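What follows is a single structure, written as structure tokens, with notes after it.
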Amino acid sequence: MGGSEHREAVTMTTGAHGSLVFPHGHDAFRPVPRTGVIYVMSVARELGFEYGAPGWANLGQGAPEAGPLPDAPPRLETVAMHTGSYEYSPVAGRWDLRQAVADLYNHRYRRGKASKYTAENVAIAGGGRLSLSRLAAALGQTHLGHFLPDYTAYEELLDLFARFSTIPIPLDPERGYAFSADELRTEIVGRGLGAVLLSNPSNPTGALIHGDRLGRWVGTARELETYLLFDEYYSNYVWAPDAAAHGSVSAAAFVEDVDRDPIVILDGLTKNWRYPGMRIGWTLAPRPIIEAVASVGSFLDGGASHPLQEAAIPLLAPAVADREAEAIRAAFRHKRDLMITRLARMGLHVDAAPAGAFYVWASVRHLPAPLDTDMGFFLAALERKVITVPGRFFDINPGQRRSEQRSRFGAHVRFSFGPDMPELVRGLDALEGMVRG
């Protein structure tokens, strides 16, 4: 089936953005859109993709390679079960795991500081999306700022909870998607923002706020009493030369009082420890915020897997976590540099080389049709057994208040260098063959 015919078939069965269309026109359920990566994977499966399928290269994946890396700690291979772990975990998480998270942040970012994180500043949840859902459900009637582009799952999440209003903040590609603390102040004051949500490093652009600039962001939030909600799931994937010497990047380094500063941090084992299947994430915040998200968890999800929480504790030991972070940076930097070079050789334009995360955000605008649009490139690449993610999915649009045809990112594509090197090379070779014709 050709690209246009295939897209028509997909639209007929799933609707816009892959939302499921229910039979009989019944309004008991609403059409629920799939997030960008989920939609992409569902289309790929219709063409024969499955994990481990020969010949395929998944350059759309939002997960890092999960196998052994040179100089990394041994991978967790078994999860023990005993009588105690058969019981429900506390909704906020096991106390010893919460304390292990706090200890790691104190080790990395709060040496010499009087105010330290404790277990009371941590809540455990079953992965990043659930941590975000708990946080969104705990927000009150406020204006929540979010950036364009950003993580695809934010769209439906921000649309689901009606108590707060979402305010988009477009970033400028010509400036490498940079945003200063002065600009943040202008947005907060001018739009009356009570909170701002962002991924740092950014998914999809790889833009990174770090060093003194991150310190100024935290200082601005403290002064204006506006919450900054940092999604730090890629904080071990840091490529900026002036940030690499400091290892992982976190807003926790610039917090003055852990129970007063309006800084909320989300992280977990998915990316920074390369255990996406464990679905263990956490929220780090002042104690009243932790109490609120734990209360939400009591009715929303009931708490994370007890045995997996117990298995996660040794992974948080500072020596183990720091060694994993170093191995990640060594292995993934080579893949990053290769992808940037190969995409540029194909004629794609990278607005700014990623300073963090494991994605390259590139424009296909100057390629010949139909490769010059995000969907055209995506569908053509699928015919070569390569998965990518169209840029329009990162144009976060809660409530679909803007037309999809007016997306600012209809000529952008996100490429992941999360896969291992052989798969990455196979995908880039196939894309180059496609572009060269």
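The values are calculated or read from the model by the stated rules, or taken from the named source; none is laboratory data. Here the structure is a predicted model, which is why all the values come from computation and not from measurement. As a convention, Cβ positions derive from the backbone with ideal geometry for all residues, glycine included, and neighbour counts pool all protein chains shown.
Might you check whether a residue that is assigned by TED's automatic domain parsing to the domain that holds residue 247, among the hydroxyl-bearing types (Ser, Thr, Tyr) and surrounded by 20 or more Cβ atoms within 10 Å (Cβ to Cβ) occurs anywhere in region 174-193?
Yes: region 174-193 contains one or more residues that are assigned by TED's automatic domain parsing to the domain that holds residue 247, among the hydroxyl-bearing types (Ser, Thr, Tyr) and surrounded by 20 or more Cβ atoms within 10 Å (Cβ to Cβ).
Would you point out the residue of region 4-60, among those that are of a type in the set (D, E, K, R) and within 18 Å of residue 391 (Cα to Cα), that is modelled with the highest pLDDT?
It comes out as 34.
Test of understanding: among 259, 267, 231, which residue is more than 18 Å from residue 354 (Cβ to Cβ), surrounded by 22 or more Cβ atoms within 10 Å (Cβ to Cβ) and either touching a Leu at 6+ places or on another chain (Cβ under 7 Å) or in the same structural domain as residue 93 (by TED's automatic domain parsing) (or both)?
Of the residues listed, the single one that is more than 18 Å from residue 354 (Cβ to Cβ), surrounded by 22 or more Cβ atoms within 10 Å (Cβ to Cβ) and either touching a Leu at 6+ places or on another chain (Cβ under 7 Å) or in the same structural domain as residue 93 (by TED's automatic domain parsing) (or both) is 267.
Of everything in region 307-344 that's more than 21 Å from the chain's Cα centre (by Cα) and farther than 23 Å from residue 73 by Cα, which residue is surrounded by the fewest Cβ atoms within 10 Å (Cβ to Cβ)?
Checking each candidate, the answer is 341.
Is it the case that residue 202 is closer than 30 Å to residue 79 by Cα, in the same structural domain as residue 154 (by TED's automatic domain parsing) and outside any helix (DSSP H, G or I)?
No; evaluated as a whole, the condition is false for this residue.
Just to be sure before I move on: is residue 304 aliphatic (A, V, I, L, M), in the same structural domain as residue 222 (by TED's automatic domain parsing) and over 30 Å from residue 84 (Cα atoms) in the structure I sent?
Answer is no for this residue.
Against the definition (farther than 30 Å from residue 178 by Cβ, in contact with an Asp or Glu (Cβ under 7 Å, 6 or more places away or on another chain) and either outside any loop (DSSP other than H, G, I, E, B) or modelled with pLDDT of 95 or more (or both)), how does residue 85 come out, yes or no?
Yes; evaluated as a whole, the condition is true for this residue.
Take residue 187 and decide whether it is of a type in the set (Asp, Glu), in contact with a Leu (Cβ under 7 Å, 6 or more places away or on another chain) and either modelled with pLDDT of 95 or more or assigned to a helix (DSSP H, G or I) (or both).
Against the criterion (of a type in the set (Asp, Glu), in contact with a Leu (Cβ under 7 Å, 6 or more places away or on another chain) and either modelled with pLDDT of 95 or more or assigned to a helix (DSSP H, G or I) (or both)), residue 187 qualifies.
In the list 100, 114, 125, 119, which residue meets the criterion of being surrounded by 19 or more Cβ atoms within 10 Å (Cβ to Cβ) and free of Cβ contacts under 8 Å to residues at least 40 places away in the same chain?
119
Tell me which strands (runs of 3 or more DSSP E) are completely within region 91-181 and hold 2 or more residues being among the hydroxyl-bearing types (Ser, Thr, Tyr), or say none if there are none.
The strands (runs of 3 or more DSSP E) meeting that bar are 165-170.
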